[in-house]
Amino acid sequence: MSRILLLSPSSASVIPALALLPHDLTLAPLAPQSLATHSDVDLVLIDGVTDLIGAKSMSSILSSAQLPVPVLIVVSDTSLSVLDRSWGITDFLLPSASLAEVDARIRLAVQSASGSPATGLSHSGVSIDESSYQATASGRPLDLTFKEFELLRYLVANPGRVFTREQLLSDVWGYDYFGGTRTVDVHVRRLRFKLGERESVIGTVRNVGYRFAPTGEEE
């Protein structure tokens, strides 16, 4: 769990997925004084969706102050073209980012800033390297798309837990994805094919959904 300070002119969180993650989130005004009041944090988020100009100004202030924690800015996809190195930010997030992506970006940013090695996941012959976005099955590298990687990472991180297709669609694809649950089935089928001899680790729970099932049993 990370202590996150969200600087925003709005009273509501600009990233809905944050409410579902076990982080200690503090919302404060988009002003330099907020850092003095809330200095004991692991990461700073800046709301560039509500006030992009104010967010850029705040980013410059934090960069000049050489803040010892990562700074992520939240911007709409239409504002991505204006971001560059002069903003002094660590990374960016879209407000519609999926639960899995928000969790991964925050975790990797905090680990990088602290100098700690990125934690990996490993279960039943499947290994996930979150820092390089690489996965292996029985030591064999897997050629995965971003969404395939995120889906596999999410399942491996929750062994034995059953997810409905709707849950996976929301947590991995995000709130703004309008495709049907068949997308989940297609990605699971592709993952099983790429896992090869390890394909059975993704189990099907009939009439419910999927789980990372080390026994490979189908119900």
Matching residues in segment 71-95 - criterion: being of a type in the set (Ser, Thr, Tyr) and within 24 Å of residue 41 (Cα to Cα): 86, 90
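Which is more than 21 Å from residue 4 (Cβ to Cβ), buried (at least 16 other Cβ atoms within 10 Å of the Cβ) and in contact (Cβ under 8 Å) with a residue 12 or more places away in the chain, of 92, 149?
Every option except 149 fails the conditions.
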statement: Checking 49, 75 in turn, the sole residue that is β-branched (Val, Ile, Thr), in contact with a Ser or Thr (Cβ under 9 Å, 6 or more places away or on another chain), closer than 25 Å to residue 147 by Cα and in contact (Cβ under 8 Å) with a residue 12 or more places away in the chain turns out to be 49
query: Which residues, taken from segment 50-65, are surrounded by 18 or more Cβ atoms within 10 Å (Cβ to Cβ) and in a loop (DSSP other than H, G, I, E, B)?
result: none
query: Is there a residue being closer than 21 Å to residue 172 by Cβ and assigned to a strand (DSSP E or B) anywhere in segment 23-44?
result: no
query: Do we find that residue 163 is without any contact (Cβ under 8 Å) to a residue 40 or more places away in the chain and either in contact with a Ser or Thr (Cβ under 9 Å, 6 or more places away or on another chain) or assigned by TED's automatic domain parsing to the domain that holds residue 127 (or both) in this structure?
result: no
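Which one of these is under 14 Å from residue 97 (Cβ atoms) and within 22 Å of the chain's Cα centre (by Cα): 43, 25, 20?
On the way: 43 fails: under 14 Å from residue 97 (Cβ atoms); 25 fails: under 14 Å from residue 97 (Cβ atoms).
Testing whether each residue is under 14 Å from residue 97 (Cβ atoms) and within 22 Å of the chain's Cα centre (by Cα) leaves just 20.
Residues are listed down the side, and each one gets a yes or a no for (1) surrounded by 13 or more Cβ atoms within 10 Å (Cβ to Cβ); (2) farther than 23 Å from residue 18 by Cα; (3) out of contact with any Leu (no Cβ under 7 Å at 6 or more places or on another chain); (4) modelled with pLDDT under 85:
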{"position": "174", "(1), (2), (3), (4)": "yes, no, yes, yes"}
{"position": "182", "(1), (2), (3), (4)": "no, yes, yes, no"}
{"position": "192", "(1), (2), (3), (4)": "yes, yes, yes, no"}
{"position": "196", "(1), (2), (3), (4)": "no, yes, yes, no"}
{"position": "202", "(1), (2), (3), (4)": "yes, yes, no, no"}
{"position": "206", "(1), (2), (3), (4)": "no, yes, yes, no"}
{"position": "213", "(1), (2), (3), (4)": "yes, yes, yes, yes"}
{"position": "219", "(1), (2), (3), (4)": "no, yes, yes, yes"}
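The values are calculated or read from the model by the stated rules, or taken from the named source; none is laboratory data. Treat the numbers as computed from the prediction; the structure is a model and nothing was measured. FYI the Cβ positions are ideal-geometry reconstructions off the backbone, even for glycines, and counts take in every protein chain you see.
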